[in-house]
1. Can you tell me which of 108-114, 258-264, 44-50, 129-135 comes out highest on packing, and rank the rest after it, using the mean Cβ neighbours within 10 Å?
2. In cubic angstrom, how much convex hull volume per residue do the alpha carbon atoms of the range 162-262 span?
3. Anyone know which of 152, 104, 229 comes out most mobile in the 10 Å Cα GNM of the chain?
4. Grab the DSSP H runs of the chain that are 4 residues or longer, score each as -39,500 (n - 2.57), total them, divide by all residues and round the 222 nm result to the nearest 500 deg cm²/dmol.
5. Based on alpha-carbon atoms only, what is the radius of gyration of the chain relative to the globular estimate 2.2 N^0.38 Å?
6. Cut-off 10 angstrom, C-alpha nodes, Gaussian network model of the chain. Which of 253, 169, 59 fluctuates the most?
7. Tell me, 58, 195 in order of fewest to most beta-carbon neighbours within 10 Å?
8. HN-Hα J couplings of the range 241-257 from phi, Karplus 6.51/-1.76/1.60, θ = phi - 60°, integer Hz, Gly and Pro as x?
Amino acid sequence: MLSWIVRPEEDGRSLRDLLLNSMHLSWSALKSAKWNGRILRNGERVSVGERLRAGDRIEVILPPAEPCYVPSPWPLPLEVPWEDEHLLVVDKPAGLASQSSAGQPDNSLENAVYSRLGCPEGFIYRPVNRLDRGTGGLMVIAKNGHVQDLLQRRLHSDGFVREYLALTEGVPDPREGVIDAPIAKENAASVRREIRPDGRPARTRYRVLEIRGSRALVLLRLETGRTHQIRVHLASLGCPVCGDFLYGTELPEEFPRRFALHSAFLRFLHPVTGGEIRLESRPDWL
């Protein structure tokens, strides 16, 4: 459910305008709420053409989407540094798949989130950002489609900043810069990506924080969100992520079932309250 208290400066505003421009419902979500859900003003159904008064409480109850399938619950203890009725942020362990699949149906982050939320009826898994299985760190999961849509619109903007830490084989030269190189799938049968002129635009900012012998600790910020973007871009500099079996060298003893890449910092505006959320996570390999 979405809710809003009409502010004094919004007195006389139409409900339709509030829903679309302040509560950020899409036209399709507004239409769905009108015909299949409920739009309430002070607890009573109301026409979206009505004028509002300061202090009115507006509530929108969106109809549930149909889940594609019901995941199996998996009571894995999760580290959740932030949660409210709209979303949660999970500190995902490296080596854990973000989403269940045919080959991984029962022990992914999706299964663990489903279990943590009490196995709700009609559950739909709504990750806002995704992390590779081998990557650990902060990952945002919405509790309804409206919040997921609002947050995903802000990805790669100042309203949703993500920074990563990576330990690389080799030291990037120059020590700071922007990697602007398009990324495409290697071929239809491969999971690998490569830099190619006909690929999708991809930009990654990076800065070397520390040199550790032949390795470097690098801070990275995504400006786009292509699959394997950081891994491909660092490999293109001749400095693959330590332990990256696809683009570098697997190091199973040092980084078992994972590599040295971590979603370390998040800053975003809450899509409903507007408050700023800032979170940090420290990788265990640092």
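Read-outs throughout are calculated quantities, based only on the coordinates presented, and are distinct from any laboratory measurement. It should be emphasised that the depicted structure is a prediction, and the values quoted were computed from it without experimental measurement. Cβ: placed from backbone, ideal geometry, glycine included. Neighbour counts: every protein chain shown.
1. Peptide ranking by packing, descending: 258-264, 108-114, 129-135, 44-50.
2. Considering the Cα atoms of the range 162-262, their hull volume per residue is 93 Å³.
3. It is 104.
4. Mean residue ellipticity at 222 nm (helix-derived): -4000 deg cm²/dmol.
5. This ratio for the chain stands at 1.15.
6. Maximum fluctuation in the GNM of the chain, among the listed residues, is at 253.
7. Ordered by Cβ neighbours within 10 Å, fewest first: 195, 58.
8. 5, 4, x, 7, 6, 8, 10, x, 10, 5, 10, x, 6, 8, 10, x, 6
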